[in-house]
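For reference, the structure discussed in these notes is given below.
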Amino acid sequence: MPSSSDALPTLKGEALKLRLVWLTVFRTVVTVVLLLFIGARRLSGPVAELTSADTATFAVIGGVFALTVLYALSLRGNRASPLAAYGQLLGDVVVASGLIFLTGALESPFTFTYSVAVIAAATVVGQRGALWFAAISVVAFASLGLLVQVGVLAPPSGAQTLTPARFFFVLASNAAAQLFVAVLAGQLARQVAAAGGQVRQQEAQIQKLVGLQNEIVSAMPSGLLTFNADGTVTFMNPAARAILGLPDGVQPPAVSALFPGLSRLSAEARRAELTVPTPQGQRVLGLAVTHLAAPVESTLVVFQDLTELRRAESLLQKSDHLASLGTLSAQLAHEIRNPLASMRGAAQLLADEVSASSSGVRLSGILLRESDRLAKLVDDFLRFARPPPPVLKNLDLGALVHETAELLRVDPLAQGVSLESPLAHVDGVGDAALLRQVLLNLLRNALQAARPGGRVKAWAAAAPSHGELHVWDSAGKIPPADLQRLFEPFFTTHEGGTGLGLSTAHSIVRAHGGEILVSSSPERGTEFVVMLPRSPATIAAA
């Protein structure tokens, strides 16, 4: 028995509530077993009317059921206090004493209910509490037996008094049983509590690891996606939704719709590149495909958006290619210019010497006209190969676009074409004459592509780090295979064109440290976007 200096352990919060829940379940089970046992005992004997002892016993069990319901309702309302816990355990001892008194006192077959109360105490308040309630049970049983022995209490079942030896033997055996149950139940409760603590600690550790994993997956710049055997997407991280253009909360379509051709790629190789459609347009993705076997068969796809990287590589290759062509073009132009000047001079002298009636006048005129055409072609070639350095000034890009569009409204190419040019103020830095030449080339091409009945629109826009010039037409006739060759010299899709207009525009834009992009489709039309840096230092470095 514990010393009087020991205090009962104090529990609070969720731990106490959880133990009281289990105590309520345990009490309900024990009460049902007792009810079945008493009913079976009653039916096993001769059938007779219920005695007052039987009525009182069933009343006690019914009261226990009622109290159990009240306890459960109090727990549902989150009212779990240490005082209520100790009150329930003392109530169990009182109910056990009443049941024993009604069924024979010291010779009752239900003396084990004290052990049930001790086990319940061990479950709720641990080993030390079990020893305390074992002592209370021993005192209650001894007090009950003593009152019956001296005749103060008379059990309804008519139990006989015991001899002193038998009386002390019953008390001693009951005390030993309660002490043994308290020690054993306390040890088991301690082990269960320790195991529960370890489980909770491991659960907390697992929760931390899961949280860390979720943070890592959410912070990954690469897209991560899993799908099962029938192609249903089971997981997507935020980066995957951002790359594929899927808003949060929207159920993704089947993986075959997200990644057309993925099954063929995953069968051939674990790593590949794939062009996929997204709401933002075509995206080039670098994929890594891994088949997972646990916990269920599924496939993991890790991918990165390589669109900008591939575009930069394409621009770099194009710039290198055009630089090589420019160098070659400049050399050829210089080699052609001097003989061409000599040929034109000779043709002029020949025209002055032949008589007016001679056919030589016509032939010399042809020579002069073709020489001038070739000279202009050589000048265009040199302008493409070595555009003049831009004279940088602050300018209004919006006004430049609007003025250039207004200049072309009287051009024959604009007849029957709806030409729009909304005026917007956009600050920029550049050479107005060179940029106007870029706009003239782009707008003439757009008017020629749109034809009468079509639409052309030109405008300027501001971005955080650069200004933009947009030229759009409704035709959208440029095939995808030609988009990569538009800025090559002598490549043209227009009959009679020299193929140097877009090449020269590209050279001027590059001289400004900018980029020129193009997209075309029959649904969206054709759009050229000229991106110009706003920093003079960036342009000077270019």
- Within the range 133-148, the residues that are in contact (Cβ under 8 Å) with a residue 40 or more places away in the chain and surrounded by fewer than 22 Cβ atoms within 10 Å (Cβ to Cβ) are Ala135, Ile136, Ala140, Leu144
- Task: Might you let me know whether the range 380-401 holds any residue that is surrounded by fewer than 18 Cβ atoms within 10 Å (Cβ to Cβ), in a helix (DSSP H, G or I), modelled with pLDDT of 85 or more and not β-branched (Val, Ile, Thr)?
- Result: yes
- Task: Quickly run through the range 97-116 and pick out the residues that are of a type outside the set (S, T, N, Q), more than 14 Å from Val33 (Cβ to Cβ) and either in a helix (DSSP H, G or I) or within 60 Å of the chain's Cα centre (by Cα) (or both).
- Result: Gly98, Ile100, Phe101, Leu102, Ala105, Leu106, Glu107, Tyr114
- Test: residue in the range 461-477 that is assigned by TED's automatic domain parsing to the domain that holds His512, of a type in the set (Phe, Trp, Tyr), surrounded by 18 or more Cβ atoms within 10 Å (Cβ to Cβ) and out of contact with any Pro (no Cβ under 9 Å at 6 or more places or on another chain): yes
- Note on the structure: The correct count of residues that are in contact with a Leu (Cβ under 6 Å, 6 or more places away or on another chain) and over 13 Å from Ala140 (Cβ atoms) in the range 95-120 is 2
- Item | Residue count for the range 404-432, restricted to those that are out of contact with any Pro (no Cβ under 9 Å at 6 or more places or on another chain) and under 23 Å from Ser474 (Cβ atoms) | 18
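Residue by residue, here is whether (1) in contact (Cβ under 8 Å) with a residue 40 or more places away in the chain; (2) touching a helix residue (DSSP H, G or I) at 6+ places or on another chain (Cβ under 8 Å) holds:
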site: Val150; (1), (2): no, no
site: Thr161; (1), (2): no, yes
site: Phe169; (1), (2): no, no
site: Ser173; (1), (2): no, no
site: Ala185; (1), (2): yes, yes
site: Ala193; (1), (2): yes, yes
site: Gly196; (1), (2): no, no
- Out of all the residues in the range 426-452, which are of a type in the set (D, E, K, R) and not in a helix (DSSP H, G or I)? Asp427, Asp431, Arg451
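Per-residue answers, yes or no, for (1) buried (at least 22 other Cβ atoms within 10 Å of the Cβ); (2) at pLDDT 80 or above; (3) within 53 Å of the chain's Cα centre (by Cα); (4) not small (Gly, Ala, Ser):
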site	(1), (2), (3), (4)
Ala84	no, no, yes, no
Val118	yes, yes, yes, yes
Thr161	no, no, no, yes
Arg166	no, yes, no, yes
- Message: Name the single residue that is farthest from Val529 (Cα to Cα) among those in the range 475-491 being modelled with pLDDT under 75 and aromatic (Phe, Trp, Tyr).
- Response: Phe490
- Message: Take Leu287 and tell me if it is out of contact with any Gly (no Cβ under 9 Å at 6 or more places or on another chain) and not assigned by TED's automatic domain parsing to the domain that holds Ala122.
- Response: yes
- Note down all Cβ pairs under 6 Å where the first residue falls in the range 420-437 and is in the same structural domain as Ser507 (by TED's automatic domain parsing) and under 16 Å from Thr504 (Cβ atoms), the second is at pLDDT 90 or above and part of a strand (DSSP E or B), and they're at least six residues apart or on different chains. Gly430/Leu532
- Task: Would you point out which residue out of Thr278, Thr226, Thr299, Thr232 is in contact with a Gly (Cβ under 7 Å, 6 or more places away or on another chain) and polar (S, T, N, Q)?
- Result: Thr278
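Yes/no matrix, rows are residues, columns are (1) surrounded by 14 or more Cβ atoms within 10 Å (Cβ to Cβ); (2) touching a strand residue (DSSP E or B) at 6+ places or on another chain (Cβ under 8 Å); (3) assigned by TED's automatic domain parsing to the domain that holds Leu274:
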{"site": "Gln207", "(1), (2), (3)": "no, no, no"}
{"site": "Gly211", "(1), (2), (3)": "no, no, no"}
{"site": "Ile216", "(1), (2), (3)": "no, no, no"}
{"site": "Asp230", "(1), (2), (3)": "no, no, yes"}
{"site": "Thr234", "(1), (2), (3)": "no, yes, yes"}
{"site": "Ile243", "(1), (2), (3)": "yes, yes, yes"}
{"site": "Pro247", "(1), (2), (3)": "no, no, yes"}
{"site": "Val255", "(1), (2), (3)": "yes, yes, yes"}
{"site": "Ser263", "(1), (2), (3)": "yes, no, yes"}
- Message: Against the condition over 29 Å from Leu83 (Cα atoms), hydroxyl-bearing (Ser, Thr, Tyr) and not in a helix (DSSP H, G or I), how does Thr161 come out, does it pass?
- Response: yes
- Query: How many residues, within the range 493-505, are part of a helix (DSSP H, G or I) and either at pLDDT below 85 or surrounded by fewer than 19 Cβ atoms within 10 Å (Cβ to Cβ) (or both)?
  - Reply: 4
- Query: In the range 406-435, what residues are surrounded by 14 or more Cβ atoms within 10 Å (Cβ to Cβ) and in contact with an Asp or Glu (Cβ under 8 Å, 6 or more places away or on another chain)?
  - Reply: Ser421, Val426, Gly428
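The values are calculated or read from the model by the stated rules, or taken from the named source; none is laboratory data. Quick caveat: nothing in here was measured; it's all calculated off a predicted structure. Please note: Cβ atoms are built from the backbone with ideal geometry, for glycine as well, and neighbour counts cover all protein chains shown.
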